[in-house]
Amino acid sequence: MVRNLKLGEILKQAGIIDDFQLNSALSYQRHWGGRFGESLIKLGYLTEGRLQSFLARQFDLPQVELYGRKVPEDVLHYIPTGKAREFLVIPVERREISGAMHLVVAMTDPTNLMVIDSLQFLTGCRIKPALAAAEAIRNAIDYNYGSENDEQIELDLALEDLAELPLPAKPAKPQVIPAQSELNEHEARVAASALKRLEERYENLLCLLLDKGVLNHKELDELM
């Protein structure tokens, strides 16, 4: 039942914050954005350590150490970097339990059912929340996915690369070519190689756009 309550209501019921602190944090969140727990911390109503410890006890959740932790690529690919930053989460482990795939995801707020449902839909896995501090998650995202500056540079270079791709030539009008003037085999191989490189660069760009969350699979199907 408690999982259906919002974080502020849970903290209030537990006596961690009072009505004034709850309303102040909600007002701060509306004005400045961000997450409710971070609003409480920025206003000085509780420390992040106390909040994490309370949530770990309340929901019987593990706390994970993210500093210097390298997440395996096959686990990291479950959640694109754009979604990881949007939801402030990072996948840390994949487990198969009773034939079902579970994804352990570090997050700051296990009461946010919208995020958990979205991740389950996105990954096709059952999400097992684990607790970590907001700054630790941000650092882990940069460490494993690369910083936002790196991602923007990579995307800009890919778009520039696409802009430089030659436009396909207009098909020539059919004409009868004498057998002795057939296309030189070397020229044919060069043309085939250039076409293959063009296809590879296009596929790499699409993969990059999917990974960054700029394009989803439905939009890709519509483009194709």
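The values are calculated or read from the model by the stated rules, or taken from the named source; none is laboratory data. Just so we're clear, the structure is a prediction, and the values are computed from it rather than from any experiment. Here Cβ is always computed from backbone atoms with ideal geometry, including for glycine, and neighbour counts include all displayed protein chains.
Tabulated data
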| read-out | value |
| --- | --- |
| Residue under evaluation G49, criteria (1) part of a helix (DSSP H, G or I); (2) assigned by TED's automatic domain parsing to the domain that holds D109, criterion not met | (2) |
| Residue count, the stretch 54-99 (criterion: over 13 Å from the mean Cα position of the chain (by Cα) and part of a loop (DSSP other than H, G, I, E, B)) | 14 |
| A134 being touching a Cys at 6+ places or on another chain (Cβ under 9 Å) and at pLDDT below 95 | no |
| Flag for L66 being buried (at least 19 other Cβ atoms within 10 Å of the Cβ) and at pLDDT 95 or above | no |
| The lone exception for I141 - which of (1) at pLDDT below 60; (2) touching a strand residue (DSSP E or B) at 6+ places or on another chain (Cβ under 9 Å); (3) among the aliphatic types (A, V, I, L, M) it fails | (1) |
| Residues satisfying the stated conditions in the stretch 90-104, i.e. out of contact with any Ser or Thr (no Cβ under 9 Å at 6 or more places or on another chain) and buried (at least 21 other Cβ atoms within 10 Å of the Cβ) | I90, V92 |
